[in-house]
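The values are calculated or read from the model by the stated rules, or taken from the named source; none is laboratory data. It should be emphasised that the depicted structure is a prediction, and the values quoted were computed from it without experimental measurement. In this analysis, Cβ positions are derived from the backbone assuming ideal geometry, glycine residues included, and neighbour counts consider all displayed protein chains.
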Amino acid sequence: MSLTSGSVDDRVKLVVKGDVAEIRLNRPDRLNAVDDRMIEAFAAHLETLRTSEHVRVVVLTGAGRAFCAGGDLKRPPRTGPLEEQATVLRRQAATVERLAALPQITIAMLNGACAGLAVGWAAACSLRIVSDAAVINTAYLTAGLAGDFGVAWWLSRLLGPGVAADWMLRPRKIGAREAADRGFATIHCPAGELKATVDTVVRELCAIRPAALTGALTNLRRAEDIQLSAYLDEESARHVAVRHRAQPAITGTHATASRPGSPEPPHGSADRRTLEERTSR
């Protein structure tokens, strides 16, 4: 199966080859800074992948010398009541939830600058493979903004609250080495070896039995949702089910915090059951 989709907006391309998909932010002249239409296109591609029965790994990257410079600050400012503006932003920020809840393993392939909301997208991926050319910058305070797209939420979990506070309150260019040392980058490699490194990881993942990979991904997501005792109950049942080629239904996503007031994931547990029924075959 080979599919190329750019019909929603050519500046966000979805290419599917066999069981691997790539979402490429394609606005290199603006360092892949995104505007409203690009975010809508990104959301549409995520929905396509959510319902895919074939794709097992999704790679998110940027064209040219940047991953994504964040939101396009040159776009016209929004107008209207503040409540309406917040509603629009919240709907766009749901792309972080949808990315985190995809049934596939997701890889952020950071080839260059990753700033603002793009930090949230990268953090929401299962793995982040970062080249020496990459720099991470939360950048919000530099622009006089507080932050959006769950960046502080994700950094607090990936890096710990202390380092997250440092990155958010002292925005600056964080190199690939520090990103790896702090736990943001899963793999750090020379710029010239980025694609080969990603391809190797993709091959390793695709070689794993689908039900086992889905079960492991579920374990990781549920580990953040529930207490240890309940987790061990689920994990034990899931391990035995996968061993015998049957997958139990599960609930919860890696994108949902285990605390009061956390937003519900955009897609319910029924979507996860559908995935697991497919992969257990």
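The table below gives the values:
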item	result
Conditions (1) more than 30 Å from ALA133 (Cα to Cα); (2) under 14 Å from the mean Cα position of the chain (by Cα); (3) not hydroxyl-bearing (Ser, Thr, Tyr); number of the one not met by PHE67	(1)
Matching option when the condition is more than 28 Å from ARG24 (Cβ to Cβ), modelled with pLDDT of 95 or more and touching a helix residue (DSSP H, G or I) at 6+ places or on another chain (Cβ under 7 Å), among VAL163, VAL242	VAL163
Among residues of the stretch 139-160, those that are closer than 12 Å to ALA115 by Cα and crowded, with 21+ Cβ neighbours inside 10 Å, counted	4
Answer residue from the stretch 209-239, given it is of a type in the set (Gly, Ala, Ser) and in contact with a helix residue (DSSP H, G or I) (Cβ under 7 Å, 6 or more places away or on another chain) and is nearest to GLU97 (Cα to Cα) among those	ALA223
Wholly enclosed strands (runs of 3 or more DSSP E) of the stretch 1-105 bearing at least 2 residues loosely packed, with under 13 Cβ neighbours inside 10 Å	2-5
Qualifying residue in the stretch 142-152 (condition: under 30 Å from HIS54 (Cβ atoms), assigned by TED's automatic domain parsing to the domain that holds LEU46 and of a type in the set (Ser, Thr, Tyr))	no
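Per-residue answers, yes or no, for (1) under 29 Å from ARG209 (Cβ atoms); (2) surrounded by fewer than 24 Cβ atoms within 10 Å (Cβ to Cβ); (3) not assigned by TED's automatic domain parsing to the domain that holds GLY62:
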{"site": "MET109", "(1), (2), (3)": "yes, no, no"}
{"site": "ALA118", "(1), (2), (3)": "no, no, no"}
{"site": "VAL130", "(1), (2), (3)": "yes, no, no"}
{"site": "ASN137", "(1), (2), (3)": "no, yes, no"}
{"site": "ALA164", "(1), (2), (3)": "no, yes, no"}
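For (1) in contact (Cβ under 8 Å) with a residue 24 or more places away in the chain; (2) aromatic (Phe, Trp, Tyr), each residue gets a yes or a no:
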position: GLU22; (1), (2): yes, no
position: ASN32; (1), (2): yes, no
position: GLU47; (1), (2): yes, no
position: VAL59; (1), (2): yes, no
position: PHE67; (1), (2): yes, yes
position: THR79; (1), (2): no, no
position: GLU84; (1), (2): no, no
